[in-house]
1. Using just the alpha carbons, could you tell me how many Å³ per residue the convex hull of segment 266-320 encloses?
2. Taking the Cβ of TRP63 as the center, what net charge do the other residues with Cβ under 10 Å away carry, scoring Lys and Arg +1 and Asp and Glu -1?
3. Go through 246-254, 320-328 and give me the packing order, highest mean Cβ count within 10 Å leading.
4. In the neighborhood of LYS111, defined by Cβ-to-Cβ distances under 10 Å, what is the net charge if each Lys or Arg adds +1 and each Asp or Glu adds -1?
5. Using per-residue counts of other Cβ atoms within 10 Å, averaged over each peptide, order 127-137, 293-303 from highest down.
6. Hey, which lysines would be in cross-link range of LYS27, C-alpha to C-alpha under 21 Å, not counting anything within fewer than 8 residues on its own chain?
7. Which whole-angstrom value gives the distance between the alpha carbon centres of segment 588-611 and segment 69-137?
8. Can you sort HIS308, HIS259 so the residue with the fewest Cβ neighbours within 10 Å comes first?
Amino acid sequence: MVTIVFASNESLSSSLPGCKNTCGNVKIPFPFGISDSSIPNQGPCYLEHKFELICENDTKLLWGNVQVHNINILQGELEVSFFVSGYCGGENSNVPTLDTAVFRISSTENKFITVGCDSYGYLNSIYNEETYSTGCLTRCYGNRNQIENGTCSGIGCCQVDIPHMMRNISVQVSDFPNSTDSLGCSYSFVVKDGSYNFTVSHLDNFPYKMLPLILDWSVGKTCKEDEYACKKNSDCIDVDIDFGYQCKCKEGYEGNPYHPDGCIDIDECKTLNNTCISESHCRNTDGFYECFCPNGQSGNGTLEGGCHRRDIVTKVAIGSSAGLIVLFVAVSSLYLTYQKRKLIKLKQKFFQQNGGSILLQQLSTREDTSQSAQIFTEEELKKATKNYDESLIIGRGGFGTVFKGILPDNKIVAVKKSKIIDANQIEQFINEVVVLSQINHRNVVKLLGCCLETEVPSLVYEFVSNGTLFDFIQNCKDKANNPAWKTRLRIAAETAGALSYLHSAASIPIIHRDVKSTNILLDDNYTAKVSDFGASRLVPLDQTEIATMVQGTLGYLDPEYMQTHQLTEKSDVYSFGVVLAELLTGAKPLSFNRPEETISLAMHFLSCLKQDKLFDAIQVGIFNDENKKEIKEVSILAARCLRLRGDERPSMREVAMELDGIRLMEKHPWNDTEQNFEESQRLLHEASCSIYNETDDSYNPGYNGYDSLKDQPLIVLDDGR
């Protein structure tokens, strides 16, 4: 049985002046509309083109080529008809599609249903060039005795909920090979919840070609950016809405919140929706009402309080009220004073808890105070970030959120508000703050200081304004005259120099542990800045490796580190090799949208080298006859960095020196002779074969071993942006 509602709420059906307000039995409330107003210079009858409707023969309302049965302003819903997908053999089938634009299939008001024996159905959604699917199956094995009318339990009929954010759908149904139920057909469809009632007879003769479904609609972009659609006496709501927002009349008002006239006041005194003794004791106000008592009487005029003659009780009540007010003010003042002192003590507690005294002691022993970390107060950072305004967020990640801030001296900084810190690692955290603040390298994001007055410390970094290397590579994709190989080579050399400095030239060696293109920032001159030391580890001077839980980003993780849990500086070398491969190919390090053999960029890159197809993998626009030799040299270096065994990889110092040498070769090409090609091929073959032939069963490219990364998506958190 199909139930269709043909009218919306009368009070919400208002259209614009001069605009058609009905088509057949369906009312057309603004922001929806048909064509332009009949009043000159009034403009279109709809808010945006996505709300434009067509009335066919004054009887059939269409949105595009889809019939509309009802428009719900209160819920932001559009009820339309959609085809049933049927399969009765290879040539007797159909796959209906519905292009919903920015509207989405309601996940609360619809169900996906498959009817048939030995049948399975799919509901596919394509959005942002990605496909999402759900579905269900039903099998009878030739026995229909257990099938019940009115239920979709999985035998003869099955149903599933609609996932959130499904758009641009297609429905497909088929049956299992060697089906035991050869007489019946299979059907799948999206339908408004409660609008379809299954019966066994539908297995042999399905009566519907179309059924109603519900689309969720919204307007604009976000409440903060755009409130033009919500008119007088209405609120903007964007909670649980993935795109745009909806408008709702304020409490005490009714009508169409999208209409230029806005929502109108409800007279609660006449609707009896009040708590007054009677209508004569009720006074309507804008958006509300008030109860009162006639002259000569006291009380509040409500059913509970009533009215009574004024007497001495009134005077006593007034005096008591005044006394209570004075007492309340006094108690409030004492309470506020107590709370202020409590807040000061709490800040002091957090300062000590977060290692403030240890940091002060460390800083006091430093001779060069100009390179020391600055200790910021909580108030300074709140003022710099406008009380951590969400509009100033420039990065989110598993370790915390990064805000853009402006200090009193107008210096722009990046404030990293962390989520959690291990109390057992406070001393190590302070040591790292002291060491990192003394790093003064032009290609490393500078740590300026920290704030220890909050439960979890905040870190303050220099601000780098021009995005990440990842953005730079992806934005240049498929462009003719790609910006240039020289810029990429310089960025690679600068990054290698920074990592070499961290490994060997810093006061205490530092292993970054999360080298990737999103952690390499670029300034306005495209100078590289290595950032995000949230996963970094200091290496004691008497050690070359550290045993740790595996942590990093899939696609960049060193396979040897994942197997042994032994962190060395060669783990950074492997990750840098992946970055070199990104610079050369323009491809992402890991993408499940690519064919299986090319999911991992490192594996695919080495495969191309092994098959002598290097220049087929190079990104379009950067390769030419002048830089052919340089690209080959960098490719060989990348292959050496990607060797499976860490002791066979070069150090970052060697990598930096080789890249500088290649850049000098570019500036002074006095040696034009080709490098021994057989030696190059041997290096490439060894590097690629070490990946393909030396791995064992314990190596899983999709495993990172770190629970916080496994339980939630890894979102890039760039300290300097």
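What follows is calculated from the coordinates using simple rules that are stated; it is not laboratory data. Here the structure is a predicted model, which is why all the values come from computation and not from measurement. Glycine gets a Cβ as well: all are built from the backbone with ideal geometry, and neighbour counts include every protein chain shown.
1. Details: hull volume 4.8 nm³, N = 55.
Residue-normalised Cα hull volume stands at 87 Å³.
2. Numbers: positive: LYS50; negative: GLU52.
The answer is 0.
3. On the way: 246-254: 19.0, 320-328: 10.0.
With the highest mean Cβ count within 10 Å placed first, the list reads 246-254, 320-328.
4. Details: positive: LYS192; negative: GLU109, ASP161, ASP193.
Counting the neighbours of LYS111, the net charge comes to -2.
5. Numbers: 127-137: 12.9, 293-303: 14.6.
By packing density, highest mean first, the sequence is 293-303, 127-137.
6. Cα-Cα hits under 21 Å: LYS50, LYS60, LYS192, LYS231, LYS248.
7. Segment 588-611 and segment 69-137 have Cα centres separated by 35 Å.
8. If I rank by nearby Cβ atoms, fewest first, I get HIS308, HIS259.
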